[in-house]
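Values quoted throughout were computed directly from the atomic coordinates according to the rules given, and no laboratory measurement underlies them. Being a predicted model, the structure only gives us computed values, none of them experimental. With ideal geometry, Cβ positions are generated from the backbone for all residues, glycine too; neighbour counts draw on all protein chains shown.
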Amino acid sequence: MAKKYIDVMDTTFRDGFQSVFGGRVLMDDFFPAVEAAKNAGITHFEFGGGARFQSLYFYLQEDAFKMMDGFREIVGPEANLQVLSRGINTVMLDTGSREMIDLFAKMFKKHGTTTVRNFDALNDVNNLAFSAEMIKKHGLNHEVVVTMMDLPPGCKGAHDVNFYEQTLRSILDSGIEFDSVCFKDASGTANPHKVYETIAMARKLLGESVHLRLHTHETAGVSVAAYLAALEAGANGIDMAASPVSGGTSQPDILTMLHATKGTNYNLGDLKLDKVLKYEERLKECLAEYMIPPEATQVSPLIPFSPMPGGALTANTQMMRDSGDLEKFDEVIAAMKEVVERGGYGTSVTPVSQFYWQQAYANVMFGPWKQIAPGYGRMVLGYFGRTPVEADKEIIELASQKLKLDPTTENPLDIADRDETKSIAHWTKVLEDEGLEVTDENIFIAGACDQKGIAFLKGEGPLMVRKGKNNNSGEAEMAGNYTVVVDGKQYSVQVAEGEGDIQVAPATTTAAPEAVAAPSGAGTIEINSQTPGNVWKILKNPGDTVAEGDIIMILEAMKMEIDIAAPQAGKIASINVNVNDAVADAQLLATME
């Protein structure tokens, strides 16, 4: 009797890159490995979307649409090229307007996409309906998703088999058109028994003809067991990656799963060990210069206590490396349990996972619930749809107070459609004002990436790729100039290779421009940064009178807005930083008198 054919999607070039490198891999470096994957017999790839859209513009100064075109050219017209989309967010971190969601589907179809995996982190089925309509309108396959995770110990109220059944029934009752169904566990925390019961439930509900698959990560160490449970329960497809971007925070390795299914009745995509070995060897060569963070290769038994997706974990640790506060990582992870529990049990997958992370980060850096991360606050207030259970009432009140927003049950799409900055007309004018070409692609890039998208289009964005000798072992080349902060004072550190001395001197600082200094000079009340970050907006000027709590400026750290407030009533004497400046922990930002 023939073995049951299991469709294999290779996630290496999207989720694998996101899970290990925070998405930061240049197309010319990895395209030879795509050719090797094709030669290995792989015909189904995850090749874009999710965070591998914005990261190209933020960090790589590459056009995601050109990357997708190049990928399609390599693999040919018959390959199934799949992207990840976040329902009404598509590939943005915020809700898109209806016309921007339509433009998303149009552009991704134009640039080689076959299938869109479409999920909502809150499992709010209303958030899937319009995006599904646009996906089908533009001739794409629609893979509808139920998102999964295990709740931290002691938490109840969602994310059991009954919850997933009700979500799936709501999808079916809604009339949403789909071509396949995926259960997506971005944190890899769903235990194998629950996976089996969930897939068995779905197979019974959907019948035998519907393509059904599981997506998970190795982060918690149970992915292979989860996949075997899913196959036994009736799944038709699973997602895997190739070494060196498999395992750890990514998907299980293709070779590992081929080994795990030996002697079973499952045929994993007609793949052969010898051909996959050659593919993985080529991929390793292509990525030899890239730094692989140590945490990307590890399994964490603590992740089920504070579910953090593999695809977000390394992106966040890389940002903490850039900010110089990576030593706080364990504290932030530990703080997530309370944030998840009090936030209404949205699935820990982008963008909700980022909201959880931002709030946990704020709780560690500024004290528990002293600040509300804007995304987290808007989520508990209902601006992204309905959470699986109602968020903690105290947190809802706190978010409403801090963000000056009332709770809402309004359709997020209606809210987005009223927001002029989410309209095609708005971004058309921005492009025109900047002297940039107005195309559908540029409108979407600008709308999805905001000012960082404009910086890319103007050729002004920074290239942030981590390469270097010995970086694959996590040991970065250390020679160079660094700025460190000790007790609030900055020092310039010069590190030489070999036996060279380490030279330390007070760092030179750039004085604030005269235009922003008060005539009387600096005031006696100093306002310092509590975390590394970048100056996003300056709202007050020297000479302005402020009340206690008035916002003077806003920093950006970990994709989070951090308000810098006046500690008391008074007058702004000096502003000591400029917009877009990088600031260190404890750096002077402003003074008052």
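Net charge around G96, counting only other residues with Cβ within less than 11 Å of its Cβ (Lys, Arg = +1; Asp, Glu = -1)?
Taking every other residue near G96 into account, the sum is -2.
How much length is gained on full extension from N411 to M1, taking 0.36 nm per residue of separation minus their Cα-Cα distance?
Between N411 and M1, full extension yields an extra 142.5 nm.
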Set the Förster radius R0 to 30 Å, insert the Cβ-Cβ distance between L172 and V299 as r into 1/(1 + (r/R0)^6), and round the FRET efficiency to 0.05. 0.25
Could you give the distance between the Cα centres of the stretch 178-250 and the stretch 402-440, to the whole Å? 36
Let me check I've understood the local charge: for E394, count other residues with C-beta under 15 angstrom from its C-beta, Lys and Arg +1, Asp and Glu -1. What total comes out? -1
Nearest 0.05, what FRET efficiency do D179 and K137 give at R0 = 22 Å with Cβ-Cβ as r? 0.95
Once phi is turned into ³J(HN,Hα) by the Karplus curve 6.51 cos²θ - 1.76 cosθ + 1.60 with θ = phi - 60°, what whole-Hz value does each residue of the stretch 144-154 show in order, with x for glycine and proline? 7, 10, 10, 8, 10, 5, 9, 6, x, x, x
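Considering Cα pairs under 8 angstrom that are at least six residues apart, work out the relative contact order of the chain and quote it in whole percent.
Computed over the chain, the figure is 14 percent.
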Compute the acute angle (0 to 90°) between the alpha-carbon long axis of helix 126-137 and the principal axis of greatest extent of the alpha-carbon atoms of the chain; round to the nearest 10°. 70
What net charge do the residues around P244 carry, taking every other residue with its C-beta under 10 Å from that of P244, with Lys and Arg at +1 and Asp and Glu at -1? -1
Sort the stretch 12-150 into rounded, prolate or oblate with this rule: let a ≥ b ≥ c be the square roots of the eigenvalues of the Cα gyration tensor; rounded if a/c is under 1.5, and if a/c is not under 1.5, prolate when a/b is larger than b/c, oblate otherwise. prolate
Counting only DSSP beta bridges with both residues in the chain, tell me the antiparallel percent, nearest 5. 50
Using packing as a proxy for protection, rank 148-158, 244-254, 403-413 so that the peptide with the highest average count of other Cβ atoms within 10 Å comes first. 244-254, 148-158, 403-413
Could you give the size of the charge dipole of the stretch 406-449 about its Cα centre, using +1 on the Cβ of each K and R and -1 on the Cβ of each D and E, expressed in debye and rounded to the nearest 20? 40
Relative to the longest principal axis of the chain, what angle (0 to 90°, nearest 10) does the C-alpha long axis of helix 192-206 take? 60
Rounded to the nearest Å, the spacing of the alpha-carbon centers of the stretch 20-99 and the stretch 565-593 is 40
The size of the Cβ-based charge dipole (Lys, Arg +1; Asp, Glu -1) of the chain about the Cα centre, to the nearest 20 debye, is 1240
Taking only Cα atoms, what is the 0 to 90° angle, nearest 10, from helix 98-110's long axis to the longest principal axis of the chain? 60
With label points set 7 Å from each Cα along the Cα-to-Cβ direction at N80 and D274, the distance between them in nm comes to 2.7
Take the residue pairs K328/K404; K422/K537; K137/K458 and return only those whose Cα atoms are more than 23 Å apart. K328/K404; K137/K458
Given R₀ = 51 Å, FRET efficiency for E437-N528 by Cβ-Cβ distance, to 0.05? 0.75
Quick note, the stretch 147-251: a/c under 1.5 would make it rounded; otherwise a/b > b/c is prolate and the rest oblate (a ≥ b ≥ c, C-alpha gyration tensor); here it is oblate
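Are any of the pairs K66/K275; K184/K370; K106/K284; K3/K38 more than 30 Å apart by Cα-Cα distance, and if so, which?
K184/K370; K106/K284
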